Amino acid sequence: MQLKEIIADHAADLSPQLRQAADFIAANPIEVSFRSMRSIAERTGLAPPTFSRLARSLGFDNYEGLREACRIAAKDAYSGYRERAEALRLGHAAGSDETHFHVAYGQQSMRNINETMVNADTATVERVADAVLGARRVFVNAQMGQRHIGSYAGYVSSLAFDNWEVLGVEPSSIASQVRKLTSEDVMICLSVMPYATGTLALAKAAKSSGTHIMAITDTADSPIAALADDVLLAATANRHFFAPQLGALYLLESIIGLMVAKSGDSIQSNLEKTELFSTQTGEYIER
């Protein structure tokens, strides 16, 4: 259930003070997700315990649970890097957080990976790995903020497989890559908020060619999810100004690893040749 729906369901039972606090949180999920309870209390003129009471009144175990709901809601209220960065800056300047940023961010990152893992349907992961393993060619569609993850996936997969291609990274143009798409291919699409228009456009072109679309995205109702044959969700709740990519990276690595586990002797041969060539050319430092 969405944060605003939770607040609306409990509104009749809230005192005037709690309702004031709830209204502020519903209208400012980004700010609440970045700033401490004391800082939010000062901003609203309410006592800090008011927000702890509100959290319990809304059914959360504690204020951190409410804050986590705000981080999730903040994805739907996305309004650009500047606003997120400003909330992050103000929260840090207030100096009232008990946990250092790198620790809090690390804890949230671990929660994101755990949520991604728990929510990843095993049957879907297996089906995706089988589809990619059996594809004529695999095209990785990762634009803008996800481009570096696409490049990484292309590099890792190239150690074992010969049929992966990253759109927009190869020497050829994207147009010349897209014209190769057929119904025997798979396109892996990475798309989290803010959603890159280029990713969606390439997915639509692939869909029209009958290509199997596999999406790694942040919500079941994201633009790319509507086009996809298979969807895996990456958790992106965060205290950063930019959506974290660890969930998407975890899913990609899981799929590639599972593909190798399911593969035959030819993949072992590819890996052996890759390692041999790397040794002969001194690509890595020997220790």
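Values for this structure:
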item: Exclusive hit being crowded, with 21+ Cβ neighbours inside 10 Å, touching a residue at least 24 places away in the same chain (Cβ under 8 Å) and among the hydrophobic types (A, V, I, L, M, F, W, C), set 252, 227; result: 252
item: Verdict on residue 209 being assigned by TED's automatic domain parsing to the domain that holds residue 152, polar (S, T, N, Q) and in contact with a Phe, Trp or Tyr (Cβ under 8 Å, 6 or more places away or on another chain); result: no
item: Search result, residues across the stretch 134-156 that are surrounded by fewer than 21 Cβ atoms within 10 Å (Cβ to Cβ) and in contact with a Lys or Arg (Cβ under 9 Å, 6 or more places away or on another chain); result: 137
item: Selection count, the stretch 157-209, where residues are buried (at least 16 other Cβ atoms within 10 Å of the Cβ), touching a residue at least 40 places away in the same chain (Cβ under 8 Å) and charged (D, E, K, R); result: 1
item: One residue from 40, 7 being within 22 Å of residue 107 (Cβ to Cβ) and either out of contact with any Ser or Thr (no Cβ under 8 Å at 6 or more places or on another chain) or part of a helix (DSSP H, G or I) (or both); result: 40
item: Residues of the stretch 220-250 satisfying the condition of being out of contact with any Phe, Trp or Tyr (no Cβ under 9 Å at 6 or more places or on another chain) and either modelled with pLDDT under 85 or closer than 23 Å to residue 104 by Cα (or both); result: 233, 235, 236, 237, 245, 246, 247, 248, 250
item: Residue match in the stretch 206-216 (condition: part of a loop (DSSP other than H, G, I, E, B) and farther than 17 Å from residue 130 by Cα); result: yes
item: Neighbours by Cβ (under 6 Å, 6+ apart or cross-chain): first from the stretch 1-21, under 14 Å from residue 70 (Cβ atoms); second at pLDDT 90 or above and part of a helix (DSSP H, G or I); result: 7/22; 21/50; 21/51; 21/54
item: Qualifying residue in the stretch 103-111 (condition: out of contact with any Pro (no Cβ under 7 Å at 6 or more places or on another chain) and at pLDDT 85 or above); result: yes
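The values are calculated or read from the model by the stated rules, or taken from the named source; none is laboratory data. Note that the coordinates shown come from a computational prediction; the quantities given were computed from them, not determined experimentally. Heads up, the Cβs are rebuilt from the backbone with ideal geometry, glycines too, and the neighbour counts pull from every protein chain shown.
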